[in-house]
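Novice: Below you'll find the structure I mean.
The values are calculated or read from the model by the stated rules, or taken from the named source; none is laboratory data. Computed from a predicted model, the values in this text were never measured in an experiment. In this analysis, Cβ positions are derived from the backbone assuming ideal geometry, glycine residues included, and neighbour counts consider all displayed protein chains. Ligands, DNA and RNA are stripped out before the accessible areas are found, and what is left, the full protein with its side chains, is counted by its heavy atoms. Shrake-Rupley method; radii C 1.70, N 1.55, O 1.52, S 1.80 Å.
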Amino acid sequence: MPALGIHLGARAIVAMLDGEHLTFDGQKALPCALFLAREGVIDAGRRAVRQHALDPDRFLDNPRRRLGAARVMLGDREFSPTHLLGRLLREVTSAAGDNLSDVRLTCPVGFGVGARADLVEAATAAGMPSLTLVPDPVAAVAHLGALRPDAIPVDHAAAVFQLDDDAFGASVVRRTASGLQLLAAEEYPELGGASLHAVVRPYIGGLVQRDHAAKWAQVMTGKDASARQARHLLEDDITYALASLRDYPDVALYLSHLDTDVALTRDEVLMLVEPLAVQSADRLRKIVAAARLRHDDLAGVVFVGDVDTLHLFVRLVTARVRLPRLGPIIDSDGLAKGTLRVSAAPEASAPARRRATTGRLPDPNRSAAVLLATATYTDPDLPDLPTVVANARDLAAALTDTALGGFRPDRVHVLVNPDLSIGERIDEIAETTTDTLLVYYAGHGLVDSDGELHLGLTGSRARRVRYTALPYRLIRLAMRDSPATSRVAIIDCCFSGRAIEIMSDQDTGVVGQLDIAGAYTLTATSANMPARAPGDATHTAFSGELLAALREGISGAGDLIRLTDLHPHLVRRLAAHGLPVPQQRGTNTIGGLALTRNRRALGEYETRDTP
């Protein structure tokens, strides 16, 4: 059976079946529009657009944007977002015919598990039972590969700059020997195509302000049907103007609702666009940095979106990121074609996708991490541990990775070679943290004559442990007294399993009430085992595997790397190399907390040639 490739955009749907465009009312694009007719029938596409003026309250454009909402109102009736999107997608299945066994559908990179599940549910309801979701940038680069096979060499990558009405998307896609790998991606709704209209619109308002101030104010703020219709027409006028400036240095707009003409020049609009271009280019640079690629590994920038809008950004963005443009702008046609070059990998059902990940990332504004690393020691009985500095610094980079991490850089504190005053510093940070508190330590674990775990400091002495090292119980007390709802301790040292014992309140003597509420402890070893730090490695054994999981991802773990995913993964990895097995202890539902997103969930896609 032939494959059906669909690009679901903010404005329109484009679909390719067996290499040919599907047509809708004789056109290649299906407007993403719905209208609730008086008899209760939902019209879609151009039929909906033609009826918009009859009653704007019954009209909905871009139903994709509403996924995740509890309900959507059309007139006085309530609908689920998936029902409405499914109604729109049924136009595609009707045009394609029955027995669709291989459907590829694009999705924005900002769609997480819930939105992807909603998309699968809507597509299934529309008669697309076997569905492969292809992220927009993957489809774009796949299509570029068909147009210019040598544009991106194997093991090199492209930065992808995508602009549609909903959001600006920045991503990095690497070409591998077998296909494409999405390395990093992020969406920025505040920089979407609608923001371009938002800067052009008031500029037009300034031009007409002197003669039409009252009418302009009514159009901008009025709540009646005529004002809403006038705003709708104004957005169409702005779209027309931006498209015209691709070919002409200036354009004259007739604003019918004001009965006046307005002139716009390309130079004026480029001046308005420049701040948006600079901001979006800087976001793209951050995503490239998050992918940890050398500049030489990047072939250039792929631009994705509406040619009539993106032409204003290309020169400004390429100059800002200092990378060449790769090929033509990839539009909706190219995205639909690109899906057909990605090998089919049908999605799980919507309920299964929703079960794939439950959990959350830390609230970046209310969370903090304290990362301690003691690398050098004055006591000759305690050898230096130079690798632990890389442990802490690289962990900070993973936690604050713009594509993956859940912490703000200014709230992650890396403290190398601390002294005994560090206990007070940890307590101060703990007092001001209300969401997630993470304390990490790498260094020598020392045990006093009573068997109590202490964390080695630069001035610690092996024979005077309780007077020169930091008792772990002080960290426990700081975490216990913190207003943070989630407290996580990760300890990479010898005998670190004793931290689990200390995290239990041994004074209560009541089983089931031993732990600090909302606390989780992950340790490199058991209570009586030494940790391992290979002499030629960049990191200690435990922290090296921890970092690999956070930076590279865990297969099958869903969109987030939860604490409950992390421990069994580390056990498997370390045990396979004959290394000490890490220990964990958690209370309540804290295991659902995630420190980072899962890079593996961003996806690897095999590609194949198509006629």
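Novice: Figure the gain on full extension for TYR254 and HIS156 (residue separation times 0.36 nm, minus the Cα-Cα span) and round it to one decimal in nm.
Specialist: 30.5 nm
Novice: So how far apart, in nm, are the two label points at ARG148 and SER178 if each is 7 Å from Cα heading toward Cβ?
Specialist: The modelled label-to-label distance comes out at 2.8 nm.
Novice: Any idea how far apart ALA95 and ALA125 come out in nm if each label point goes 7 Å out from Cα toward Cβ?
Specialist: 2.1
Novice: Putting +1 on Lys and Arg Cβ atoms and -1 on Asp and Glu Cβ atoms, find which of CYS32, TYR441, VAL342 reaches farthest to the positive end of the dipole of the chain.
Specialist: Result: TYR441.
Novice: Follow-up. For segment 233-323, what is one quarter of the convex hull surface built on the Cα atoms, given in nm²?
Specialist: 6.6
Novice: Can you give me the % of accessible surface on the chain that is carbon or sulfur? Probe 1.4 Å, all protein chains present, nothing else counted.
Specialist: Carbon plus sulfur share of accessible area: 49 percent.
Novice: So, one more: Could you work out the relative contact order of the chain, using alpha carbon pairs under 8 angstrom and six or more residues apart, expressed as a whole percent?
Specialist: 12
Novice: Now for a separate question. Can you give the local net charge around THR436? Use residues other than it whose beta-carbon is closer than 13 angstrom to its beta-carbon, Lys and Arg +1, Asp and Glu -1.
Specialist: Value of the local net charge: +4.
Novice: Can you find, among VAL138, VAL172, MET220, the residue farthest towards the positive end of the dipole of segment 117-245? Put +1 on the C-beta of Lys and Arg, -1 on that of Asp and Glu.
Specialist: Of the listed residues, the answer is MET220.
Novice: I've got another one for you. Within 15 Å, Cβ to Cβ, of ARG320, how many net charges do the neighbouring residues add up to if Lys/Arg are +1 and Asp/Glu are -1?
Specialist: +4
Novice: A further question follows. What is the packing order of peptides 480-486, 98-104, taking the mean over residues of other C-beta atoms within 10 Å and listing the highest first?
Specialist: Per-residue Cβ counts within 10 Å, averaged per peptide and sorted highest first, yield 480-486, 98-104.
Novice: What percent does the relative contact order of segment 124-279 come to when contacts are Cα pairs within less than 8 Å and at least six residues apart?
Specialist: Relative contact order comes out at 13 percent.
Novice: Working out 0.36 nm times the residue gap between ASP296 and ASP481, then minus their Cα-Cα distance, what length gain in nm do you get to one decimal?
Specialist: Result: 61.7 nm gained on full extension.
Novice: What number, in percent, do you get for the relative contact order of segment 232-306 if the mean sequence gap of Cα pairs under 8 Å and at least 6 apart is divided by its residue count?
Specialist: After rounding, I find 17 percent.
Novice: Taking only protein heavy atoms into account and a 1.4 Å probe, give the accessible area per residue of segment 191-270 in Å².
Specialist: Normalised by residue count, the accessible surface of segment 191-270 is 52 Å².
Novice: If you don't mind, there's one more thing I want to ask. Only Lys, Arg, Asp and Glu count, each charged at its Cβ (+1, +1, -1, -1), so figure out the dipole size of the chain about its Cα centre, rounded to 20 debye.
Specialist: Here the chain has a charge dipole of around 580 debye.
Novice: If you don't mind, there's one more thing I want to ask. At what distance in nm do the modelled label points of THR23 and MET73 sit from each other, each positioned 7 Å from its Cα along Cα→Cβ?
Specialist: The answer from the label model is 4.0 nm.
Novice: Pop the C-beta distance of GLU428 and THR378 into the FRET formula with R0 = 22 Å and round what comes out to the nearest 0.05.
Specialist: 0.25
Novice: Using every Cα-Cα pair within the chain, state what percent have a distance larger than 47 Å.
Specialist: 27
Novice: Is the shape of segment 52-136 rounded, prolate or oblate, going by the alpha carbon gyration tensor and its root eigenvalues a ≥ b ≥ c, with a/c under 1.5 for rounded and a/b larger than b/c for prolate?
Specialist: Note, shape of segment 52-136 comes out oblate.
Novice: For LYS223, go through the lysines and keep the ones whose alpha-carbon is under 26 Å away, minus same-chain ones fewer than eight residues off.
Specialist: LYS215
Novice: Once all Cα-Cα distances of segment 137-215 are split into 5 Å bins that start at 0, what whole-number percent is in each one?
Specialist: 3, 14, 18, 14, 11, 10, 8, 6, 5, 5, 4, 2, 0
Novice: At a 1.4 Å probe radius, which order do CYS494, CYS107 fall into by accessible area, largest first?
Specialist: CYS494, CYS107
Novice: Toward the positive end of the charge dipole of the chain, about the Cα centre and with charges on Cβ (Lys, Arg +1; Asp, Glu -1), which of TYR467, PHE59, LEU100 goes farthest?
Specialist: Going by the charge dipole, the pick is TYR467.
Novice: Does segment 185-261 classify as rounded, prolate or oblate by the C-alpha gyration tensor (a ≥ b ≥ c root eigenvalues; a/c under 1.5 gives rounded; else a/b over b/c gives prolate, otherwise oblate)?
Specialist: Note, shape of segment 185-261 comes out oblate.
Novice: Nearest 500 deg cm²/dmol is fine: what mean residue ellipticity at 222 nm does the chain get from its DSSP H runs of n ≥ 4 alone, each adding -39,500 (n - 2.57), divided by its residue count?
Specialist: Counting only the DSSP helices, I get -11000 deg cm²/dmol.
Novice: At R0 = 30 Å, how high is the FRET efficiency between TYR467 and VAL414 if r is their beta carbon distance? Nearest 0.05 is fine.
Specialist: 0.70
Novice: Would you rank SER555, SER332 by solvent-accessible area, highest first, keeping every protein chain in place and using a 1.4 Å probe?
Specialist: SER555, SER332
Novice: Next question. Quote the accessible area belonging to HIS83 in square angstrom, nearest 10, computed with a 1.4 Å probe and with ligands, DNA and RNA left uncounted.
Specialist: In the full protein context, HIS83 sits at about 80 Å².
Novice: In square angstrom, rounded to the nearest 10, how much accessible surface does THR23 have for a 1.4 Å probe?
Specialist: Using a 1.4 Å probe on the heavy atoms, I get roughly 80 Å².
Novice: Another question, then. Search the structure for amide H atoms under 5 Å from the amide H of GLY112, placed 1.01 Å from N in the peptide plane, and list their residues when 5 or more places away or on another chain.
Specialist: When sequence neighbours closer than 5 places are left aside, there are no close amide H contacts.
Novice: Using only the heavy atoms of the protein chains and a 1.4 Å probe, how would MET128, MET220, MET271 rank by accessible area, largest first?
Specialist: MET271, MET220, MET128
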